[in-house]
Amino acid sequence: MTSNNTAVLIGVSQYRDPSLPDVPAALNSLHAMRYLLTDPDLCGWSEDQVLMLEDPAGAAEPALQLHRLAEETTGTLLIYFVGHGVVTKTGALCLATGDTQLRYPDLTGLEYDKVRSALLDSPAQAKLVILDCCYSGRVIHALSGADESHLADATDVRGVYTLTAADQAAHVPPLEEQKTACTSFTAALRDIVRDGIPGAPPMLALSDIYPQLKHTLKARGLPEPNQRGTDTVESYAFSRNVAHTSGTGFRLIPREREDLFLKILAAQPRHDLTVPSIEKLEDWPGVYLLHQKSGGDNPKIVYVGRSDRSIATPLKQHLRKIDGRHYVDSHDLSFSYLKLDDDLSYVAPERLALRRLHEQGLTPSWNHNGFGNRDAGRARDRTRLDSHHFDVVHPIDLSWPLRADGPALDLTANELAAYLKAELPYIFRFEHQGAGMDGIRLSVPEGSFSADRAFRLLAAALGDEWQISALMGRVLMYRERDARYPSAIRYYVGTEAMGAIPDVYEVPDDFEVADPPDDC
């Protein structure tokens, strides 16, 4: 089984209970942690491995998502929470969500025991928990005369490293500063990872970071963090140490070989990103670059990728994805490549190329921002995207022509859905209803046929109990009503098609969404 990694980041900044003041800095911390994890020069997680749950109202949904993802994760599972932490009458920690009531935290909040249960059920080889909230230290040791054995058991899960912000009250900057500031704990953690630790190993474990984090917070007169690790997970490599300088240690891949590889890669000729050009390639593993015309003489590198089997396979996928998007033209793109004989999963040549480009100030804009992602599943449909995300900059084309001309067709709803899934250049995920969808028939008129027309026909046939939601990067079809998604651009319900304005961070000024025309 191939190992997979998942990071679940939960941030809560708004609370209905007036006894729990809002914490605007929590959202800044949530995004700081995401950027830290997905920075290719630091933690190196891919965009689709990181799920952000921003301001969840209730505790049930994040608990369910956490359990589902934990059960599916076999590599590294990371859980991060920032917001209010409250204590129950029995002394247990609850993570406060938007609807949590201070008087009844065990009934309205996300009890840490539920997080612990997810950790216990997960087959992940390494499990990391970072809690940036008041009283988070209670999951590590007992306080205020509570039952020490019960509380210590909260982190007694094999293969888990737990890092907490405070035994009692955590610290946040004054309210007037929180619009741009992070919480004090996450800000210190972020700065240490970004700056690196001189004299530390080339890869930093959280146990390497902890002493520096504790010293920094203590020197500022702030609450001190706590840590606990079981087995050897405390040695898990969390981030690259950017302050590490090469010494006299043995290098498995000498620096001169790295430089030679990058020099040869940069010298490879470019080819138009077209089907004929791609089909000329042999089935061979290697690393490749995507170049885009940008108005100057030299196209800019927008993506660095690799294939362990055949370079042609991802290039075909990229071409089809680009063709189904707005504001990008495949005629402006070209590719170059270098065949390699090495075990690419071990050598990771694309990371070497990305690091060197980053050092030159030429970071490819499509890496680590959603371009190479596959369907991450239902749990990530409600993720709020940043304005630089590929799906925001280049949303899907709902006017995509499925055929220019053709006869009228009589199909079942299931047949049309399966056809769309196979033919569309973007993801179309739908809920299989078996015989129920097979019993619904519809007519596709003769003539031209677009994706928008197909979704209208399908929604009308299925009725008001179903909803087709066109997000900026994919289309969903589920038996649900009035569901809302942050990145939605259009909803189809029954005979209605409704435009939507995506809820993204720093939406570009030129992004416009209008109600759809009667037909596309």
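FYI, it's all coordinate maths here, none of it is from the lab. If you're wondering where the values come from, they're calculated on a predicted model, not measured in any experiment. Using ideal geometry, Cβ is built from the backbone for each residue, glycine included, and neighbour counts are taken over all protein chains shown.
Just how large is the dipole of the chain about the Cα centre, in debye to the nearest 20, putting +1 at every Lys and Arg Cβ and -1 at every Asp and Glu Cβ?
1100 debye
Quick query: amide H of S239 versus all other amide H atoms, modeled in the peptide plane; which residues come in under 5 Å with a sequence gap of 5 or more or a different chain?
Excluding prolines and chain starts, which carry no amide H, the hits are L204.
Describe numerically, in nm with one decimal, the distance between label points set 7 Å from Cα along Cα→Cβ at D297 and at E496.
5.7 nm
Would you kindly work out the equivalent ellipsoid of the range 6-240 from its C-alpha gyration tensor and give its semi-axes, the square roots of five times the eigenvalues, largest first in whole Å?
So the three semi-axes of the range 6-240 are 24, 21, 18 Å.
Per-residue ellipticity at 222 nm for the chain, helices alone: DSSP H runs ≥ 4 residues times -39500 (n - 2.57), over residue total, nearest 500 deg cm²/dmol?
My calculation for the chain gives -8000 deg cm²/dmol from helical runs alone.
What is the dipole size for the range 6-240, taken about its Cα centre, with +1 at each Lys and Arg Cβ and -1 at each Asp and Glu Cβ, in debye to the nearest 20?
Here the range 6-240 has a charge dipole of around 340 debye.
How big, in percent, is the set of alpha carbon pairs in the range 265-317 lying more than 12 Å apart?
67 percent
Compare the peptides 82-88, 369-375, 493-499 by average per-residue count of other Cβ atoms within 10 angstrom and give them in order, highest first.
82-88, 369-375, 493-499
What value in Å³ per residue do you get for the convex hull of the alpha-carbon atoms in the chain?
In the chain, the Cα hull volume divided by residue count equals 181 Å³.
Determine by what factor the alpha-carbon radius of gyration of the range 378-499 differs from 2.2 N^0.38 Å, reporting the quotient.
Expressed relative to 2.2 N^0.38 Å, the Cα Rg reads 1.04.
Could you sort the peptides 193-199, 382-388, 204-210 by per-residue average Cβ neighbour count (10 Å cutoff), highest mean leading?
My ranking of the peptides, most packed first, is 204-210, 382-388, 193-199.
With θ set to phi - 60°, apply the Karplus curve 6.51 cos²θ - 1.76 cosθ + 1.60 along the range 491-499 and write out the HN-Hα couplings as whole Hz, x wherever there is a Gly or Pro.
10, 10, 9, x, 9, 9, 10, 10, x
Show me 323-331, 300-308, 400-408 ranked by packing, highest mean number of other Cβ atoms within 10 Å first.
Result, highest mean Cβ count within 10 Å first: 300-308, 323-331, 400-408.
Which entries in the list K114/K214; K316/K421; K89/K127; K300/K321 go over 26 Å, if you measure between the two C-alpha atoms of each?
Correct reply: K114/K214; K89/K127.
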